[in-house]
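FYI, it's all coordinate maths here, none of it is from the lab. In this text, all values refer to a predicted model and were calculated from it rather than measured experimentally. With ideal geometry, Cβ positions are generated from the backbone for all residues, glycine too; neighbour counts draw on all protein chains shown.
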Amino acid sequence: MILLFLAQTLRIAIPFLFAAAGGALSERAGIVALTLEGFMLGGAFGAVLGSYYGGSAWIGIAAGVSAGMALGAIHAVACIRFRADQVVTGVAINLFAVGVTRFFLDVAFQSSSNSPRVAGFGGEGLSALTALAANPLVWMGVAVMPVLAFVVARTTFGLRVRAVGEHPQAAASVGVPVTRVRYVAVVWSGILASLGGVYLALDQHQFTDNMTAGRGFIALAAVIFGRWHPVRAGIACLLFAAAETLQIQLQAAQVIPSQFVEMIPYLLTIIAVAGVVGRSRPPAALNQADA
């Protein structure tokens, strides 16, 4: 039972890990990552389109990543080139993703609720552990936070990301291309977060309307709870995933009324973030339009 609990926790945590990695990268560069929900939803729909029409889960991954990259580029242009309010732009991207996926779901599959089943990873009848091990996105999700932590802490690009997120004027004075670094960080944020949606869609072998169901916001809460450090944010993702796993098991046992059980992940998120806000310091240039 413990092994199954851990496997379910990891399965639930993978979308959070991908989205939180994208959020941490964007916010360390000074751009608010309120768009994670939209990036994930776009990635999920792109993955289903690619897998359905291309007949391959790998084509689905490529299509999902392309959708996330496009949404990341839109967010970057709006916030960096046109200096739009980053919070308003983030809300707009999320609403746009909900609307455009719902519209094209009807156009492509003549359904307003879900797509047909598509190719994913793993076969029918596999155990939970075998299915996890057979999915390359699981291994990518496990590795994404340690890799991001190394990039941010040990590479030239990571140093520049931290510099433009803390003091862009000082970074520009020593020749760091602030605008370019922020563009790259936000586009990569879209790519990473979209992989969370890709995983969801290919794991469930279909797209359903608004299937991300707030996971992007929980991932952003994990970034804040982890104080913008990738590894700590990853641990927060595992904590929130464990709470959701507990919720699922309590619902199955019918020990507590389902309405209260469904609150558990969200209550834990609120409590965790409330305990951190005020004691943590975000990147100094976060949500500052001027470089």
Anisotropy class of the stretch 1-132 from Cα gyration tensor, a/c 1.5 cut: oblate
Taking Phe240, Phe121, Phe104 and counting other C-beta atoms within 10 Å, the order from fewest to most: Phe104, Phe121, Phe240
Between the stretch 131-192 and the stretch 1-50, the alpha-carbon center distance in angstrom: 15 Å
Surrounding net charge for Ser112, when Lys and Arg each add one and Asp and Glu each subtract one, Cβ distance under 15 Å: -1
Hull-based mean projected area of the chain, where the convex hull spans the alpha carbons, in square nanometres: 15.5 nm²
In nm, spacing of pseudo-spin labels at Ala73 and Ala253 (7 Å Cα→C-beta vector): 5.0 nm
Dipole in debye (nearest 20) - the chain, about Cα centre, beta carbon charges: Lys, Arg +1; Asp, Glu -1: 860 debye
Debye log10 I(q)/I(0) at q = 0.13, 0.22 Å⁻¹ for the stretch 1-65, Cα point scatterers: -0.49, -0.91
Sorted by Cβ neighbour density within 10 Å, fewest at the top, the residues Leu159, Leu71: Leu159, Leu71
Order of Glu37, Glu244, Glu166 under a 10 Å beta carbon neighbour criterion, fewest first: Glu166, Glu244, Glu37
Simple label model, 7 Å out from Cα along Cβ direction - Tyr53 to Ser173, nm: 5.1 nm
Relative contact order computed over the chain (Cα-Cα under 8 Å; 6+ residues apart), in percent: 36 percent
Stretch gain in nm, segment Leu3-Ser280, where the contour uses 0.36 nm per residue and the Cα spacing is subtracted: 96.3 nm
